[in-house]
Amino acid sequence: MQKKVKNLDYYMNLRYEARIQKSDTGYFAEIPDLPGCMTFCEEFDQLEEMVEDAKKAWLEMSIEDNLEIPEPSKDREFSGKFLLRLPKSLHRKLSDQAEEESVSLNQHILNLLSGKHSATKIIKEVRNMIADRPKEDNQPVLVKSANQHGG
């Protein structure tokens, strides 16, 4: 059974997320929502054009083959709720921690998840700072947290 697809202009105007990785030889980019859609270039200023060319080629091939084309996942709407099953012992531990903090269990878990996300983001930023330093620079990288208090 063939799927009805929209035209190329429709898909080209959608905002697909591109993930970019820098290497010693250039820049690799991929569009995760379009499996196999990727490109590489040596100069950063070529990147946007190369990603658009790869996206267009991927979409043209998919339309030609009458394949289903996913729309950007970032455009999906979320309710802000999800069901999570966990061991009773962990539920108890989280509940006790929430009580100690005088917050609801939902708020406590939200705080934990937000903190983990922030820590991951900080780690990535530090890694990028280290990677972008000149190789002969042996000075330590100083990182100040927004949560640090002067003392």
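Read the figures in this text as sums done on the coordinates, not as results from a lab. All values reported here derive from a predicted model rather than from experimental measurement. Here Cβ is always computed from backbone atoms with ideal geometry, including for glycine, and neighbour counts include all displayed protein chains.
Before moving on, here are some points about what is shown:
- Using C-alpha pairs below 8 Å separated by at least 6 residues, the relative contact order for region 8-74 is 33 percent.
- Once the Cβ-Cβ distance of Lys93 and Met12 is raised to the sixth power relative to R0 = 41 Å, the FRET efficiency obtained is 0.25.
- In terms of distances greater than 23 angstrom between alpha carbons, the cross-link table entries Lys6/Lys74; Lys55/Lys81; Lys6/Lys81; Lys56/Lys124 yield Lys55/Lys81; Lys6/Lys81; Lys56/Lys124.
- Once the chain from Val103 to Lys22 is taken as fully extended at 0.36 nm per residue, the excess over their C-alpha distance is 25.0 nm.
- The trypsin sites (Lys or Arg not before Pro) found in region 16-115 that occupy coil by DSSP, while having at most 13 further C-beta atoms within 10 Å, are Arg76, Lys81, Arg85.
- 20 Å cut-off, amide nitrogen to a point 7 angstrom out along Ala57 Cα→Cβ, residues in region 18-41: 18-23, 25-41
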